[in-house]
Amino acid sequence: MSILYEQKAAEGLRQLGLETAFTHLDSSCQQAAAEHWSYSHFLGYLLEGELRERHRRGVELNLHFARLPCQKRLADFDFSCQPSLDRRLIDELATGRFLHEGRNVVLLGPPGVGKTHLAIALGLQILEQGHRVYFSSVVELARKLSVAMTQNRLGSALKTYFAPKVMILDEVGYLPLDRLQASLLFQVICQRYEKHLPIILTSNKAFGDWGQIFADDAVMASAALDRLLHRSTVINIRGDSYRLKEKRQAGSQDIPKKPDNPPTS
Ligand code: ADP
Ligand code: MG
C-alpha cells in the first residue's frame, strides 16, 4: 500500500507538471526522515523549491522577451553623481507600485546623465517581480512599425507594444521622425494610455520642444504629452554627463562641464 502511494507521489508530481518537486522528491523524503520534519514542513519545503524554480524560469523568459540592450542595476548607479535626483523616489518606483496606477515614468535630461541606465534598472526590477517588460528606442519602434505597415501587418506589429505590462521607450527626441513615424508613435502612446499600461520614457528634449519630435505637428505633440503626463512621475536630471565626468577624471581637460540646454519640465 505504502509503496503504491510512494509511486503515486512521484507520478502525480510529474503529471501535475511539478518537475522540480519530482526531481527532489527522493532526497527531500530522506532529509525529512533524517531530520524528523512534520508533514507540513516537508510539503512546504518541496513546494518552495518548485515555486523558486518557476519564478527563476519566468524571470529568464521575461528577460529574453524584454530585449534590454544591456543589464544595468540600481545598485550600480552612483546617486552621489546626480544630486538633483531624489533617491527615495527612484526606490519607490523600484517597488513597482506605479504599475498598479498605470503611471508613466518620464526621465528627462541631457545626454549621459543616466536616463537609460535608470530606465533599464527599473525594468529589471519589474520583470523580476514577474511582469513583462519591453525595451525599444523610439527610432527602432518607428522603423519596425513603418515596415510592418508597408507589409500590411501593422495590427500584429502593434501588439508587440501593447502586450507587455511596461514599455521602455528610449531616446525620444534624439532623431526626428517623419509624419508617418510620428503618428505610429502617437498610436502606441494613446493605446497604452487607454489600457493603463505604463511607459518608462527617456528624452533629452524639454516638453516645449516636443513639436519637433512629432514632425512639427504641435497638435499631435500636445495630445501625446497630455496622455503621457496625465498619470506620470516626471524626473528631471540636471547633472553632468557621467561619461564625460569619467573622461574628465581620466585626465581630459578640454571637456565642457555642463551640457547646453538641459531640459526642464
Ligand atoms: P543617458 O541615457 O542619460 O544618455 P546613460 O544611462 O546611457 O545616459 O549613461 C551613460 C553611461 O554612464 C552608461 O554606461 C551608464 O551606466 C553610466 N552612468 C550614467 N550615470 C551613472 C551614475 N550616476 N552611476 C553609474 N553609472 C552611470
Ligand atoms: Mg540614453
Listed by chain and number, the residues whose amide H is under 5 Å from that of W37, excluding neighbours fewer than 5 places away on the same chain and using placed H, are none
In Å², nearest 10: area of T202 left accessible to a 1.4 Å probe: 0
For the chain: accessible area per residue (Å², 1.4 Å): 55
Nearest-10 value in Å² for the accessible area of F77, using the 1.4 Å probe: 20
Taking the chain as a Gaussian network, Cα atoms linked when under 10 Å apart, which of G208, G239, G49 shows the biggest mean-square fluctuation? G49
Amide H neighbours of V234 under 5 Å, at least 5 residues apart or on other chains, H built in the peptide plane: list them. V106
Anyone know which of P83, P164, P111 comes out most mobile in the 10 Å Cα GNM of the chain? P83
Just how many % of Cα pairs in the chain lie over 33 Å apart, if you round to the nearest whole percent? 37
What value, in deg cm²/dmol to 500, does the helix sum -39500 (n - 2.57) over DSSP H runs of n ≥ 4 give at 222 nm once divided by the residues of the chain? -17500 deg cm²/dmol
Mind pulling the angle between the C-alpha long axis of helix 115-128 and the longest principal axis of the chain? Nearest 10 degrees, somewhere in 0 to 90. 20
Quantify, in whole percent, the carbon and sulfur part of the accessible surface of segment 74-239 (1.4 Å probe; protein heavy atoms only). 50
Where does each of D217, D178 land when they are ordered by accessible area, with a 1.4 Å probe and the largest first? D178, D217
Going by alpha carbons, how many degrees (0 to 90, nearest 10) lie between the helix axis of 138-150 and the longest principal axis of the chain? 80
Would you compute the Debye intensity of segment 2-66 from its alpha-carbon atoms alone, equal scatterers and no solvent, and pass along log10 I(q)/I(0) at q = 0.12, 0.14, 0.18, 0.25 Å⁻¹ to two decimals? -0.36, -0.47, -0.70, -1.09
Please give the Cα centre distance for segment 16-49 versus segment 186-247, rounded to the nearest Å. 50
Hey, what did the chain get for relative contact order, percent, Cα under 8 Å, at least 6 apart? 23
Using a 1.4 angstrom probe and counting only protein chains, how large is the accessible area of H24 in Å², to 10? 90
Please arrange Y134, Y174 by accessible surface area, largest first, computed with a 1.4 Å probe and ligands excluded. Y174, Y134
Report relative contact order for segment 2-66 in percent, whole number only (criteria: Cα-Cα under 8 Å, sequence separation at least 6). 30
For I168, list long-range residues whose amide hydrogen, built 1.01 Å from N in the peptide plane, is under 5 Å from its own amide hydrogen. Y134, F135, S136, I200
So the angle from the long Cα axis of helix 39-66 to the longest Cα principal axis of the chain, reported in degrees to the nearest 10, equals 30
Taking a virtual spin label 7 Å from the Cα of Q191 along the C-beta vector, which residues in segment 106-145 bring their backbone nitrogen under 18 Å of it? 132-145
What are the aspartates and glutamates whose alpha-carbon lies under 16 Å from the alpha-carbon of K159, with same-chain residues fewer than 8 places away excluded? E140, E194
Per-residue accessible area, 1.4 Å probe, largest first, puts C70, C81 in the order C70, C81
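The values are calculated or read from the model by the stated rules, or taken from the named source; none is laboratory data. Worth saying up front: this structure is predicted, and the values here are computed from it rather than measured. Ideal geometry is used to build each Cβ from the backbone, glycine not excepted, and the neighbour counts take in all protein chains shown. Side chains included, ligands, DNA and RNA excluded: accessible areas come from the protein's heavy atoms. Shrake-Rupley method; radii C 1.70, N 1.55, O 1.52, S 1.80 Å.
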